Structure formats: structure tokens, C-alpha cells
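The values are calculated or read from the model by the stated rules, or taken from the named source; none is laboratory data. Here the structure is a predicted model, which is why all the values come from computation and not from measurement. Note: ideal-geometry Cβ built from the backbone for every residue, glycine included; neighbour counts use all protein chains shown. Only protein heavy atoms, including side chains, enter the accessible area calculation; ligands, DNA and RNA are left aside. Shrake-Rupley method; radii C 1.70, N 1.55, O 1.52, S 1.80 Å.
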Amino acid sequence: MPYVTATQVDEILGSDWAEEAAKPLAVQMSNDWLTAKGILTDVDDERITRAGAYLSKMAAAGTLYADSDGDVKSERVKADTVEVETSFQDGSRAVAGDMLYIRDLLRPWLNPFGSSVRILSRL
């Protein structure tokens, strides 16, 4: 059961929140994002539907899963002779928005500790 449908998004935001052709994918991405965050599907709360509507709007605009340059540690801008300097957190790296979406889709099957760590238990 989806959290939100295109019809519900149209009712909440009006029908001009996205091009008609983009609506199905945007709503699907919104529902996938909510699933990846662990929101229960059996909860009937209009706040979840409203959140799904705004997530759909973000997905249609390309900002729900936007590319990331990494975590910025500091940024310096000099106005005269235009100079910009950006430092990133150690270990931070650029991530494509599509990869963020893929991670959310595969979250139930991904090992949170990385592929080389195994949890052992004593029988």
C-alpha cells in the first residue's frame, strides 16, 4: 500500500506541482523514500500523506535525491578578484543522487557495517 498517490498529491498541492508525465515516478520515489526511512504503511495519518506530497514535489524537481559534493567542512569566499575555497570533511566524497535513491531502495538488503564485517553469535 503506498503512502501517497498522485491523486492525493494533486488534492494537496494542486495539479500543477509537476508535469503529468513526471508524476508517476515522483510519487514512486516519494513512497520509496518513506519506506526506506521506516515509516509504517499501516498508519493512517494525514501528516504522512502531506509529507509524501511534498516529497513527491521535491522528487519531480530533482531535489529529493540530488547529487552531493560531499560534507563541507569550511568554505571561504573572497570578493575582490573572485576566489572561492571549499574544504570537505575527511573521508567525505561526492555521491550521485541516483546512488542515494538506489541505497534507499536496497536498504533492507544492505549490510550496515559494510561487506567485510559479519556479526557472529555463539550457539
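Averaged over its residues, segment 1-76 has an accessible area of 64 Å² per residue, based on protein heavy atoms and a 1.4 Å probe. Counting charges near Met1 (Lys, Arg +1; Asp, Glu -1) among other residues having Cβ under 11 Å from its Cβ returns a value of -2. Here the extension length gained between Arg103 and Lys78 equals 5.3 nm, from 0.36 nm per residue of separation less the Cα-Cα distance.
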